[in-house]
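The structure appears below as structure tokens.
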Amino acid sequence: MMSLTVAVTGANRGIGLALTKEFVQKGYTVFALCRNASPALEQLNVKVVTGVDVASEQGLNTMVEALAGVKIDILVCNAGILRDEQLGRLNVDTIREQFEVNALAPLLVVERLQHQLVDGGKVAMITSRMGSITDNTSGGRYGYRMSKAALNIASVSLAQDLAPRNIAVGIYHPGYVQTDMVNMGGDISSTMAAERITGLIDSLSMDTTGVFKHSNGETLPW
């Protein structure tokens with residue numbers, strides 16, 4: 001078994017925690033980045049780095065300092081937030097907040113860590129099919145949809161810009177997952193989502209870089 005080094009943002013709960021567990025089971029060295037640790041995360045054999053609010057300069061600096069000199073094989077940008085705005089009661093603050101966390105922060109994480117990614121490495125962006133323009137048949141959720149669409153196009157640009165180093169970028173919708181974000185209302189467990197996503201990361205190559213995929217393997221429309 002090849003031992004790889006993985007960094008995961010938002011690793012303290014939900015899909016991030018489940019992904020961290022999957023990587024541990026594969027025997028990888030995992031840097032679990034989060035704002036605050038959780039008891040479940042602390043029980044794992046990983047390097048927990050707290051104080052990493054990816055939407056703040058201080059949090060990004062904390063991440064960079066903790067990972068100084070570390071060569072990263074797989075970088076998973078998972079941290080994200082979900083708020084709810086509807087036409088007629090738009091909240092500009094929560095829309096901006098989602099852009100900061102869901103779209104801009106993952107790009108900045110890659111920007112700050114790009115030189116520590118090994119040539120031939122992989123970046124996984126955890127997005128949502130709610131960022132799909134074609135798939136939007138219900139409206140609403142303005143900040144979340146807009147921020148995830150922005151993340152998707154940023155990820156495609158990253159796939160182009162990292163291609164000379166053979167670094168592949170996966171863009172993954174985990175499914176409707178039972179997490180705190182949706183009050184456990186999903187239809188698959190975070191464990192199943194993590195198993196699927198790690199499988200997609202395993203098979204990710206330069207042939208599939210920049211492709212928007214459901215965790216079940218289906219290619220999603222932009």
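Please go through the stretch 72-91 and pick out each residue that is assigned to a loop (DSSP other than H, G, I, E, B) and surrounded by 14 or more Cβ atoms within 10 Å (Cβ to Cβ).
Scanning the stretch 72-91 gives ASN78, ALA79, GLY80, ILE81, LEU82, ARG83, GLU85, ASN91.
Scanning for something touching a residue at least 12 places away in the same chain (Cβ under 8 Å), under 25 Å from ARG141 (Cα atoms) and of a type in the set (Val, Ile, Thr), does the stretch 69-80 turn up at least one residue?
yes
Residues of the stretch 123-140 being touching a residue at least 24 places away in the same chain (Cβ under 8 Å) and over 15 Å from the mean Cα position of the chain (by Cα), which ones?
Residues satisfying the conditions are SER132, ILE133, THR134, ASP135, GLY139, GLY140.
Filter the stretch 43-59 down to the residues that are over 13 Å from VAL8 (Cα atoms) and either among the hydrophobic types (A, V, I, L, M, F, W, C) or assigned to a loop (DSSP other than H, G, I, E, B) (or both) and list them by number.
GLN43, LEU44, ASN45, GLY51, ALA55, SER56
Here are some conditions: (1) farther than 19 Å from VAL110 by Cα; (2) polar (S, T, N, Q); (3) outside any loop (DSSP other than H, G, I, E, B). ASN36 meets all but one. Which one does it not meet?
ASN36 satisfies every listed condition except (3).
Quick one: in the stretch 181-193, which of the residues that are surrounded by 12 or more Cβ atoms within 10 Å (Cβ to Cβ) and over 22 Å from ALA149 (Cα atoms) is modelled with the lowest pLDDT?
Ranking the qualifying residues of the stretch 181-193, first place goes to ILE188.
Considering only the stretch 1-28, how many residues are buried (at least 17 other Cβ atoms within 10 Å of the Cβ) and either under 23 Å from GLU65 (Cβ atoms) or of a type outside the set (Gly, Ala, Ser) (or both)?
19
The values are calculated or read from the model by the stated rules, or taken from the named source; none is laboratory data. Computed from a predicted model, the values in this text were never measured in an experiment. As a convention, Cβ positions derive from the backbone with ideal geometry for all residues, glycine included, and neighbour counts pool all protein chains shown.
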